[in-house]
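A.B. asks: Would you mind keeping the following structure in view while I ask a few things?
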Amino acid sequence: MGEEFPDYLDVDYTDGEGESPEDYPTLEDKIEKAIEVTRKGLEEYENPAIMWTGGKDSTLTLYFVKEVAEQFDLEVPPTIFIDHFQHFDELHDFVDHWADEWDLDVVYARNEDVGDYVDANDLEPGDDIPIDALNEQNQHHVRDLLEYEEDSFPFLLDTYVGNHLLKTVALNNALEEHDVDGILSGIRWDEQEARADETFFSPRHDPDVYPPHDRVQPILQFDEAAVWDAFWFYVVPETVEEYPDDGYVPQDYDDLPNGLTHEDIPVSPKYFKGFRSLGSEVSTGKAAEEPAWLQDLENTTERAGRAQDKEDLMERLRDLGYM
C-alpha cells in the first residue's frame, strides 16, 4: 500500500450519509448505485479485496464485483473468507465450489493461535480457553482493547471475546498481510441498528485498532427482500445458463426449474432450508421451514436465529473492526 494512504484516494466518505433503503425505491435504483460504488472501489484502491462469507449479502456483492470488472475491464480482487472454525459444513462446500466455478482467489483468514489451541486440546464449541494460553497479540486484544477481565472465554463465535478473536483479529491480520487498502463488504443499513449510519465509503484509519483501510459497501441500500429479488431476477438468471432468463422464484427446497440442482445455483442450500442468516453451526437455527425469501421479511427479524450476546454488543465490536 502506498505510504500516502488515504491521500491517493478520490472517494466521498459522506456518500450515503443520512440515507436509507427508501431513498432507492426500485430494485433498479439499488442496482445502479451498487454498480457505481463497486466501480469506484475497484478503480480507486491499489489493493482491494472482497469480504466473502458465502452468505447472500456477500455473494451479491461478489456478483457486482464480477459484473463491473468484466464490463469495465478491471481485475477481480481476491476474496477474504474468515474461517472461524464453526461454520456449517455446507457453507465450506458452497465457498469451495463457487470459488472454483468463478476462478476466485480465496484468502482464508484464521486466528491460527486460537485454532491451534483448540486442536491441541481437542476442544468443542463452548469449552473454555484460558487467556494466558494465547499469544501476545490475542492477549493484548482481550485485555487492552476488549477490557475483558475473566481468566478464560468460551470457544463460541457469537460471544464478545469469541467473535472478536475468531473473526475481527483474523480479518485484520489478513488485511495487514495482504496490504489491503479497501475491502468491499456486503453489509446493509437495515440489517442492524449499529450499521444504520454507515456510508458507502467508510474509513477505518486508526492504526492502534486495525490496519488502516476503507470499507467499500455497495449494497447498503438493499433491504432483505431486495437482495432476494436481485438473486432470482438478476444474479441467478445471468450466471446459470439453464435458468429462465426472466427469473424464477423457487417455492420450496426441490423447486428448481429445467432440471437444475442446488450445485448449479449460487445460493446456499441453507437458505432453501429456512435459514435467513448463516452464522455458526452451534448458534444459528432456521427461522422457519419455508425458504428464506418466502418468509415474512417485513415483520420478523432476519437474525432471529442467531445467539444474541454478540448481536447486543455489535456497536462496540464494530468500533474494534468487526464488519
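The values are calculated or read from the model by the stated rules, or taken from the named source; none is laboratory data. Computed from a predicted model, the values in this text were never measured in an experiment. Quick reminder, even Gly has a Cβ in these numbers, built from the backbone with ideal geometry, and neighbours come from all protein chains shown. The accessibility values were calculated without ligands, DNA or RNA, using every heavy atom of the protein model including side chains. Shrake-Rupley method; radii C 1.70, N 1.55, O 1.52, S 1.80 Å.
A.B. asks: Just checking, does the stretch 152-163 include any residue being of a type in the set (D, E, K, R) and touching a Gly at 6+ places or on another chain (Cβ under 9 Å)?
C.D. replies: Yes, the stretch 152-163 contains at least one residue that is of a type in the set (D, E, K, R) and touching a Gly at 6+ places or on another chain (Cβ under 9 Å).
A.B. asks: Please work out if ASN121 is surrounded by fewer than 17 Cβ atoms within 10 Å (Cβ to Cβ) and touching an Asp or Glu at 6+ places or on another chain (Cβ under 6 Å).
C.D. replies: Answer is no for this residue.
A.B. asks: When ILE82 is evaluated against the numbered criteria (1) crowded, with 18+ Cβ neighbours inside 10 Å; (2) hydrophobic (A, V, I, L, M, F, W, C); (3) closer than 22 Å to TYR234 by Cα; (4) in contact with a helix residue (DSSP H, G or I) (Cβ under 6 Å, 6 or more places away or on another chain), which criterion, by number, is the only one it fails?
C.D. replies: (3)
A.B. asks: If you don't mind, another one. Please list, ordered by residue number, the helices (runs of 4 or more DSSP H) wholly in the stretch 1-114 having 2 or more residues that are of a type in the set (Val, Ile, Thr).
C.D. replies: 27-44, 56-71
Yes or no, residue by residue, for (1) open to solvent by 20 Å² or more (accessible area, probe 1.4 Å); (2) closer than 28 Å to LEU184 by Cα:
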{"residue": "GLY126", "(1), (2)": "yes, no"}
{"residue": "ILE131", "(1), (2)": "no, no"}
{"residue": "ASN138", "(1), (2)": "no, yes"}
{"residue": "LEU146", "(1), (2)": "no, yes"}
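A.B. asks: Residues in the stretch 162-177: is at least one assigned to a loop (DSSP other than H, G, I, E, B), of a type in the set (Val, Ile, Thr) and modelled with pLDDT of 95 or more?
C.D. replies: Scanning the stretch 162-177 turns up no residue that is assigned to a loop (DSSP other than H, G, I, E, B), of a type in the set (Val, Ile, Thr) and modelled with pLDDT of 95 or more.
A.B. asks: Being without any contact (Cβ under 8 Å) to a residue 60 or more places away in the chain and either touching a Leu at 6+ places or on another chain (Cβ under 6 Å) or aromatic (Phe, Trp, Tyr) (or both) narrows it down to one residue among THR79, THR26; which is it?
C.D. replies: So the residue among THR79, THR26 that is without any contact (Cβ under 8 Å) to a residue 60 or more places away in the chain and either touching a Leu at 6+ places or on another chain (Cβ under 6 Å) or aromatic (Phe, Trp, Tyr) (or both) is THR79.
A.B. asks: Still on this structure: What is the one condition in (1) in contact with a Phe, Trp or Tyr (Cβ under 6 Å, 6 or more places away or on another chain); (2) surrounded by 21 or more Cβ atoms within 10 Å (Cβ to Cβ) that TYR13 does not satisfy?
C.D. replies: It fails just one condition, (2).
A.B. asks: Being at pLDDT 95 or above, hydrophobic (A, V, I, L, M, F, W, C) and touching a Pro at 6+ places or on another chain (Cβ under 7 Å) narrows it down to one residue among PHE64, PHE72; which is it?
C.D. replies: Being at pLDDT 95 or above, hydrophobic (A, V, I, L, M, F, W, C) and touching a Pro at 6+ places or on another chain (Cβ under 7 Å) holds for just one of PHE64, PHE72, which is PHE64.
A.B. asks: Failed condition for ALA230, given (1) touching a strand residue (DSSP E or B) at 6+ places or on another chain (Cβ under 9 Å); (2) under 30 Å from GLU281 (Cβ atoms); (3) surrounded by 21 or more Cβ atoms within 10 Å (Cβ to Cβ), with all others met?
C.D. replies: Failed condition: (1).
A.B. asks: While we're here: So is GLY186 among the small types (Gly, Ala, Ser), open to solvent by less than 30 Å² (accessible area, probe 1.4 Å), in contact (Cβ under 8 Å) with a residue 12 or more places away in the chain and outside any helix (DSSP H, G or I) or not?
C.D. replies: Criteria met by GLY186.
A.B. asks: Can you find a residue in the stretch 96-103 that is closer than 24 Å to TYR271 by Cα and in contact with an Asp or Glu (Cβ under 6 Å, 6 or more places away or on another chain)?
C.D. replies: No: zero hits.
A.B. asks: Filter the stretch 234-249 for residues that are out of contact with any helix residue (DSSP H, G or I) (no Cβ under 7 Å at 6 or more places or on another chain) and part of a loop (DSSP other than H, G, I, E, B) and give the result.
C.D. replies: Answer for the stretch 234-249, where residues must be out of contact with any helix residue (DSSP H, G or I) (no Cβ under 7 Å at 6 or more places or on another chain) and part of a loop (DSSP other than H, G, I, E, B): GLU241, ASP246.
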